[in-house]
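Visitor: First the structure, then my questions, so here it is.
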Amino acid sequence: MTELDHHPEIQALCATCAEHRRAIRAALEEWHELTTVMKPTLMDLYNKHFGVLEIQRQRLALQYAELFRRVELLSIKIQRGEKLTEESVAVVNRVVDAEYARVRQRFSETIIGEGTKPPHVNTSSEELVKMYRVLAKQVHPDAKGTAADATSWHQVQQAYAQKDAPRLRALITALGADEPVDQDCYAWDLDRWRNEEMVLGTRRRIEERKLERLRNEDPFAIAVQLEDPVWIENHTKELNAELDRRTAEIAEQQKIYAELTNGLVTADQLKNVTQEQQQFAQDFMENTYFGNR
């Protein structure tokens, strides 16, 4: 008689571990469904109603932020007793331009390119390949000569393409690719089973918390409202009111900027700066709106 046969706690732990694996796999499958199927659909629906307004909102927000920064730096100089000159104003503008150039770079490297950048850069390519091969043996369409789960294989390919090591590890756990053969499991003692249950339980809680956070993010959090004409009308009014407020704030900042520079910056120069802000904002929205991922 094996230890699994005669130790009731081991039998209970074995069943709990199997349940943890099922729960982890269910969480991963729902994550996959939400991000690859539901999100694009909801994004299209949101953009149909509010896309233009959202682009304007973000454009104005960025325009205001940059203009506010210029005013802030110029005000600091004046508070220090400095007299503004054409050169000192140009220096401030170059500083702000440089700050926003770094913002563009960060967007390019993180948000815009997130789908191709590894979330954990410390994971080596060798480790990623190793995990991919382990999973391929389990769920590849040609694995073991049987029809594999197409959803699971798609998840594996997606995680590997994104170099998402945590998700590959979670898939290994969920699919049982790291589960020892039966005879090895039967030889485990009670402490070994307790440790296995603890590890799987921790992984399950992590995946379920991540899934819950995703459900509470836009656009999933407003999925029902996107079908409600009353909510759509009210949200449109809210966005338009916000645009009006931001436009007024920008006009106020432009007035302060003009007073501080006192003719040191021409209207054409300020106009060119604003056009650059608007182009950057447009690019930002097209690539990052609602995460777009």
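Visitor: For residue 58, work out the one condition from (1) surrounded by 15 or more Cβ atoms within 10 Å (Cβ to Cβ); (2) over 18 Å from the mean Cα position of the chain (by Cα); (3) assigned to a helix (DSSP H, G or I) it doesn't fulfil.
Guide: Answer for residue 58: the failing condition is (2).
Visitor: Pairs, please: C-beta under 8 Å, at least 6 apart or cross-chain, first residue closer than 14 Å to residue 243 by Cβ and in the range 39-65, second β-branched (Val, Ile, Thr) and surrounded by fewer than 16 Cβ atoms within 10 Å (Cβ to Cβ)?
Guide: Sorted first by the residue in the range 39-65, then by its partner, the pairs are 50/236; 53/236; 60/247; 63/274.
Visitor: Let me ask another. Looking only at the range 213-257, which residues are of a type in the set (Asp, Glu) and not in a helix (DSSP H, G or I)?
Guide: 217, 218, 228, listed by residue number.
Visitor: Now for a separate question. Taking the range 186-216 on its own, how many of its residues are touching a residue at least 24 places away in the same chain (Cβ under 8 Å) and either surrounded by fewer than 12 Cβ atoms within 10 Å (Cβ to Cβ) or under 30 Å from residue 48 (Cβ atoms) (or both)?
Guide: Summing the residues that are touching a residue at least 24 places away in the same chain (Cβ under 8 Å) and either surrounded by fewer than 12 Cβ atoms within 10 Å (Cβ to Cβ) or under 30 Å from residue 48 (Cβ atoms) (or both) in the range 186-216 gives 5.
Visitor: If only one of 48, 83 is part of a helix (DSSP H, G or I) and either touching a strand residue (DSSP E or B) at 6+ places or on another chain (Cβ under 8 Å) or not aliphatic (A, V, I, L, M) (or both), which one is it?
Guide: 48
Visitor: Residues 95, 71, 37: which one is surrounded by 15 or more Cβ atoms within 10 Å (Cβ to Cβ) and either of a type in the set (Val, Ile, Thr) or within 30 Å of residue 168 (Cα to Cα) (or both)?
Guide: Among 95, 71, 37, only 71 is surrounded by 15 or more Cβ atoms within 10 Å (Cβ to Cβ) and either of a type in the set (Val, Ile, Thr) or within 30 Å of residue 168 (Cα to Cα) (or both).
Visitor: Got a sec? Which of 61, 18 is small (Gly, Ala, Ser) and out of contact with any Lys or Arg (no Cβ under 7 Å at 6 or more places or on another chain)?
Guide: 18
Visitor: Something else: Can you say whether residue 16 is modelled with pLDDT of 90 or more, in contact with a helix residue (DSSP H, G or I) (Cβ under 8 Å, 6 or more places away or on another chain) and under 24 Å from residue 198 (Cβ atoms), as far as the supplied structure shows?
Guide: Considered against the rule, which asks whether it is modelled with pLDDT of 90 or more, in contact with a helix residue (DSSP H, G or I) (Cβ under 8 Å, 6 or more places away or on another chain) and under 24 Å from residue 198 (Cβ atoms), residue 16 comes out as yes.
The values are calculated or read from the model by the stated rules, or taken from the named source; none is laboratory data. All figures in this text were calculated on a predicted structure; none of them were measured in a lab. Quick reminder, even Gly has a Cβ in these numbers, built from the backbone with ideal geometry, and neighbours come from all protein chains shown.
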